[in-house]
1. Between residue 72 and residue 150, what's the calculated FRET efficiency when r is the beta-carbon distance and R0 is 35 Å? Round to 0.05.
2. Can you give me the three principal axis dimensions of the chain from its C-alpha atoms, in Å, biggest first?
3. Across region 298-311, in residue order, what do the Karplus-derived ³J(HN,Hα) couplings come to in whole Hz, using 6.51 cos²θ - 1.76 cosθ + 1.60 with θ = phi - 60° and x for Gly and Pro?
4. Using a 1.4 Å probe over the heavy atoms of the protein chains, calculate the carbon and sulfur portion of the accessible area of region 101-170 as a whole percent.
5. Straight distance only, please: which aspartates and glutamates reach the Cα of residue 85 with their own Cα at less than 14 Å, same-chain residues fewer than 8 apart left out?
6. Taking amide hydrogens as modeled 1.01 Å from N in the peptide plane, which residues meet the under 5 Å criterion relative to residue 278, leaving out close sequence neighbours?
7. Could you go through region 281-286 in sequence order and give the Karplus-derived ³J(HN,Hα) for each residue, using 6.51 cos²θ - 1.76 cosθ + 1.60 with θ = phi - 60°, rounded to whole Hz, and x for Gly and Pro?
8. Test of understanding: what is the full-extension gain from residue 284 to residue 95, defined as 0.36 nm times their sequence separation minus their Cα-Cα distance?
Amino acid sequence: MSFRTINFALKILLSVSLLNISCAKHESTSLAPSPTLPMMENSLQKDMPFPMGAAVNVNLLKSNTNYRNLVIKEFNSITAENAMKFAAVHSSKEIWNFTDADYLIDFAIANGKRVHGHTLNWYKSLPDWVNNFQGTAADWENLLKTHIQTVVGHFKGKVVSWDVVNEAIDEDGTMRNSIWVQKLGVDYIGRAFQYAHEADPNALLFYNDYGQEFGPTKRTAILNLVTSLKNKGIPIDGIGIQMHTRVTQTDANLTAAISTAAATGLKIHISEIDIALNPDNNQSMVYTTALADQQAAKYKTIVKAFNAIPKGQQFGITQWNVTDGDSWIPSNYNRPDWPLPFDSNYQRKAAYQGILDGVK
Ligand code: 9MR
């Protein structure tokens with residue numbers, strides 16, 4: 001077959017696919033896969049105009065086929081929920097353990113997923129040896145640098161982007177008095193980005209935090225921090241807006257979190273989205289259609305605001321966990337809740353359609 005013939009055949013195939021995708025986008029009621037064209041089955045990764053991700057639990061990925069298949073089908077980006085955190089990879093001073101994180105990388109390569117790294121520096125999930133570490137400021141600096149550069153170096157070329165510093169700002173807009181600030185002063189944040197950049201100059205580097213949608217206080221403090229890093233020439237590429245939010249949050253606050261961050265010109269990653277339905281910890285709450293619809297509307301608002309920022313700044317939207325059945329929220333807060341677009345039976349909820357509606 002000549003190149004022209006192959007080219008022609010490919011064009012026909014492509015137009016059939018595009019026709020099918022555009023139909024699928026408007027067929028909100030039917031989720032049934034086509035028996036003849038299985039590749040055309042709709043999914044977040046196929047139907048959304050920017051990367052869609054999930055925070056993934058390595059044990060579930062290994063042991064639960066429904067979970068694994070849902071991740072393969074719906075998403076084109078993954079974040080390790082816990083497998084790349086300090087305590088997971090560097091449990092004592094001389095011991096590094098990348099087994100779980102490497103499993104996740106192999107899974108991503110085999111299935112064509114982007115990997116976002118989480119997280120190089122945080123005040124939580126630190127091993128005891130760090131919390132108890134005795135040393136001079138230079139020893140602490142060396143600890144910070146060695147950790148960041150060993151982890152980033154290990155994943156160089158495989159992890160495209162990192163949450164370099166996570167949650168450095170407190171609710172009242174002041175710097176969190178973390179162990180890192182106590183030992184190294186607030187300027188350590190810029191150096192953390194520089195160390196990561198030295199270890200992998202191609203990796204995109206993010207500052208990641210929650211609460212940009214709470215109101216102007218925390219939001220402004222975060223924006224001031226990233227702007228000052230940028231103005232100092234620190235290699236920062238983006239802002240992670242975690243978006244652990246709730247169905248009662250106002251549309252104005254949700255939208256402002258995204259538009260004000262985008263005004264910095266940095267890339268924006270909605271990095272950990274979930275929308276709690278039961279923020280008041282009502283132990284007898286039940287999931288209703290009305291709640292599901294309210295949640296769908298909030299997902300739509302957030303996606304719509306994200307879709308409105310310049311394309312070049314849309315790094316993607318990542319949900320924190322995969323289904324309501326594995327979400328961190330019910331166990332962390334000891335309450336019933338249903339924060340994600342998939343239910344505990346791996347089925348799409350109204351929120352799923354809310355996400356699709358956000359880009360219509
Ligand atoms: O979902 C994560 C949970 O399994 C861990 O126990 C916890 C502590 O490491 O972290 C959770 O993920 C958090 C993320 O790393 C940073 N933003 C808030 C997330 C939810 O608490």
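The values are calculated or read from the model by the stated rules, or taken from the named source; none is laboratory data. Remember, predicted model here, so these are calculated numbers, not experimental data. Positions of Cβ are backbone-derived with ideal geometry, glycine not excepted, and every protein chain shown enters the neighbour counts. All accessible areas refer to the heavy atoms of the entire protein, side chains included, with ligands and DNA or RNA removed. Shrake-Rupley method; radii C 1.70, N 1.55, O 1.52, S 1.80 Å.
1. 0.70
2. Principal-axis extents of the Cα atoms in the chain, largest first: 66, 59, 41 Å.
3. So the J values, rounded to whole Hz, are 5, 4, 4, 4, 5, 5, 4, 5, 5, 5, 7, 7, x, 3.
4. Carbon and sulfur atoms account for 48 percent of the accessible area of region 101-170.
5. Those aspartates and glutamates meeting the cut-off are 100, 102, 128, 163, 167.
6. 338
7. In residue order, the calculated couplings are 6, 6, 5, 9, 5, 10 Hz.
8. That works out to 63.5 nm of additional length.
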